[in-house]
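Just so you know, all these numbers are worked out from the coordinates, no wet-lab data involved. Everything quoted here is computed from the prediction, not taken from an experiment. In this analysis, Cβ positions are derived from the backbone assuming ideal geometry, glycine residues included, and neighbour counts consider all displayed protein chains.
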Amino acid sequence: MMLDFPLWLRATHFLNLLFISLLVRSGLEILSAHPKLYWNDDCTPGSEWLRLTRKRLPEAPYRELWTSRDEEESFSSWIALPGRRNLGLGRHWHFLADAGWLLTGLLYVTMLAATPEWRRLIPTSWSILPGAWHVLWSYLSLHLVVTPGRYNPLEQLAYFSVVFLLSPLAIATGLAMSPAIAARAPWYIRLFGGRQAARSLHFLLLCAFLAFFVVHLAMVIAHGEISEMALIVLGDIRDVRGALGLIVGLGGLAGVIVIHIVATWSSLRYPRFVQHSTQALTDPLRRALFGSGRSVQQYAASEISAYFRVNGRPPADAAYAAMTREHFASFVLHVDGLVEHPLHVSLAELRRWPKQTQITKHCCIQGWSAVASWGGVSLGEIIRRCGPLSAARYAVFYALDDKSTSEPDSGGPGCYYGTIDMALASHAQTMLAYEMNGQPLPVAHGAPLRLRVESQLGFTMVKYVCRIEFVNDYREIGGGQGGWREDHQFYSQEAGI
Ligand SMILES: Nc1nc2c(c(=O)[nH]1)N[C@H]1C(S)=C(S)[C@@H](COP(=O)(O)O)O[C@H]1N2
Ligand SMILES: [Mo]
């Protein structure tokens, strides 16, 4: 027999279905960008416990030719939102659905506490455990358990666990993947056994939600609740309330499907529009939650990763090749724009400035991580010397790699660049590195200079930096989104998670 549920409960149940289904599909899109799961934060090739791709990393001497973009998979739009290698937009949908799901959860838990409904859900006695075991046994021997007017102990335990165990854990492990949180509170990711363990758990929670969904649906059908409702309605057309219930229910289900279709189609067809409209809602939230984390990382030398992936191939032009041959003796870094004293500094001179070193964890937006030590000059030192004017709100970092020649299949023209605001630029661990693990910065990792912004995702940390420009606004630069990946892969400027 049907339980009688208040309207708020049915409404939140429906919103929950909508947001979780969006979270699942966009989550799979995010996973497709690095379809491997690890228990170690070095992400050593071959150490993954789950691999959802057939691509293999080539062996040692050829590894330099391989970047983590080559490890990406293209998932079908039938399972991933939006599918077809669209990490940037997948993340936008994930964060939008996150916000919706959190609000729904807040409403649900508040109403639960404010009404007698909580009695149905929250177990108040340990006898629930033997009770649930008993029910499980009955189901396994193919006997339905009917407890009129309330949930049976197994149902109650399952619903309770989804709401008060799986959901908080999904949120907690999701937060553990934020480089801003990991940078400010490294202990937090240690709670889960590291960033990759949190990422693995986040995926296992997805599997648990899916398993719950399948069993839940099977039970509802087995108990005849759907056919019962239909029977009441079809058998007795005077049952207006039942008919309305069925129509609303089916209408809601159709609504969820339509939203998925529209979200997928618009993302593939109008990616810039979807980028802007989703970011309008999620960026302020992200800025508030993950914008101000100052990195206080200092890993031990023993934690440095043996293998550090590469993302972004080196410049392919002859001028860069010539520079590498002479160990960047003629290289000059230009600092200009809204500054009092434009700078033109050689690498040798930079090396004479006060040196800073730090051992930090790099988190690529695709999902992998690795630890390295970096040596160079703090951006604070550069800021002190060039004196940005008060109108300067951002620092733009221009790179030497022209993507149309260095990585022609990467989806865009022009040189790589990235932008950070003055607050990020002034963080103590923000620096221009010319050394990695005590050696001159290797070509693959950005020689002669690369940016480190330790509270942000990897794409912020421009390699092959040749010029820093202080500006008031970045909308006139490049494609106007604040960076090459923002322009061409629809990433958000908010790279704290
Ligand atoms: N110039 C330039 N800088 C870049 C990129 C790039 O393609 N070109 N890729 C970014 C991304 S997405 C990441 S994860 C890091 C990777 O740094 P690594 O190659 O040293 O691991 O560099 C960032 N900086
Ligand atoms: Mo990245």
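Full extension of the chain between D409 and L166 gives 83.5 nm of extra length, using 0.36 nm per residue less the Cα-Cα distance. For K355, the aspartates and glutamates whose Cα falls under 19 Å of its own Cα, not counting residues fewer than eight places away in the same chain, are E381, E435, E454.
For a distance above 15 Å, tell me the whole-number percent of Cα pairs in region 113-184 that qualify. The answer is 65 percent, as a whole percent. Relative to the longest principal axis of the C-alpha atoms of the chain, give the angle of the C-alpha long axis of helix 87-114, reported between 0 and 90° and rounded to the nearest 10°. Once rounded, the angle reads 40 degrees.
Exposure proxy for M461, M111: other Cβ atoms within 10 Å of each Cβ, ordered fewest to most, give M111, M461. Distance from the alpha carbon centroid of region 361-424 to that of region 309-333 works out to 16 angstrom. For V332 and R272, the difference between the fully extended length at 0.36 nm per residue and the C-alpha to C-alpha distance is 18.0 nm. Using the Cβ-Cβ distance between E228 and V109 with R0 = 25 Å, the FRET efficiency computed as 1/(1 + (r/R0)^6) comes to roughly 0.30. Once the convex hull of all Cα atoms in the chain is built, its volume per residue stands at 171 Å³. Between A218 and L136, the simple spin-label model (points 7 angstrom out along Cα→Cβ) gives 1.4 nm. A rounded overall shape is assigned to region 301-488, the ratio a/c of its alpha-carbon gyration tensor axes (a ≥ b ≥ c) being less than 1.5. The calculated FRET efficiency for the pair L253 and D473, based on their C-beta separation and a Förster distance of 56 Å, comes to about 0.80. Here the calculated FRET efficiency for W265 and L285, from their Cβ-Cβ distance with R0 = 22 Å, stands at 0.30, rounded to the nearest 0.05.
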